[in-house]
Amino acid sequence: QVMLEESGGGLVQPGGSLRLSCVASGSHFSIHAMGWYRQAPGLQRDMVAQISSMGTPSYADSVKGRFAIFRDNDRNTVDLQMNSLKPEDTAIYYCNADTVWGPSWGQGTQVTVSS
């Protein structure tokens, strides 16, 4: 099994930046794609960014040009650099790993964008 732990959330002003980090432990050799999802109150959980095992990224349209996803297979980490943050980016952000046993999720980290 794969366990995921996120860090790096917090409160930031509009236009600011945050970097989220996620480290995978356990059977990390079983991981294919990794990514970040977010869920705002009353809304469904949506994909923000994903990165394949070979390092190919993909992004939701709402974050293209502002967010960047990075993966380090040696350290079993996936980071999300978030720039030019907007109030509508406020949500709980979840790390996700696509494994041979199905999806694994972290516990989530709160990101709040407010002045």
For region 102-115, what does the Karplus curve 6.51 cos²θ - 1.76 cosθ + 1.60, with θ = phi - 60°, yield as ³J(HN,Hα) per residue in whole Hz, taken in order and with x for Gly and Pro? x, x, 10, 10, x, 7, x, 9, 7, 10, 10, 10, 7, 8
What ranking of PHE70, PHE29 comes out by heavy-atom accessible area, probe 1.4 Å, highest first? PHE29, PHE70
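Express the accessible area of the chain per residue in Å², computed with a 1.4 Å probe while the remaining protein chains stay in the model.
Details: 6000 Å² over 115 residues.
Spelled out: the 1.4 Å probe surface of the chain, per residue, equals 52 Å².
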Nearest-10 value in Å² for the accessible area of ASP74, using the 1.4 Å probe: 150 Å²
In the full protein assembly as shown, how much of SER21 is accessible to a 1.4 Å probe, in Å² to the nearest 10? 40 Å²
For GLU6, GLU88, write out the residues from largest to smallest accessible area, computed with a 1.4 angstrom probe and no ligands counted. GLU88, GLU6
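Return the carbon/sulfur percentage of the accessible area of the chain, one whole number, probe 1.4 Å, all protein chains in place.
Working: 3050 of 6000 Å².
Carbon-and-sulfur percentage of accessible area, whole number: 51.
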Cα atoms only: what Rg and Dmax, in Å, come out for the chain? 13.4, 42
Assigned charges on the beta-carbon of Lys, Arg, Asp, Glu; region 46-115 dipole about Cα centre (debye): 100 debye
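The values are calculated or read from the model by the stated rules, or taken from the named source; none is laboratory data. Nothing here was measured: the structure is a model prediction, and the numbers come from that model. Because the Cβ atoms are built from the backbone with ideal geometry, glycine has one as well, and the counts that use them run over all protein chains shown. These area figures cover heavy atoms from the full protein model, side chains too; ligands, DNA and RNA do not enter into them. Shrake-Rupley method; radii C 1.70, N 1.55, O 1.52, S 1.80 Å.
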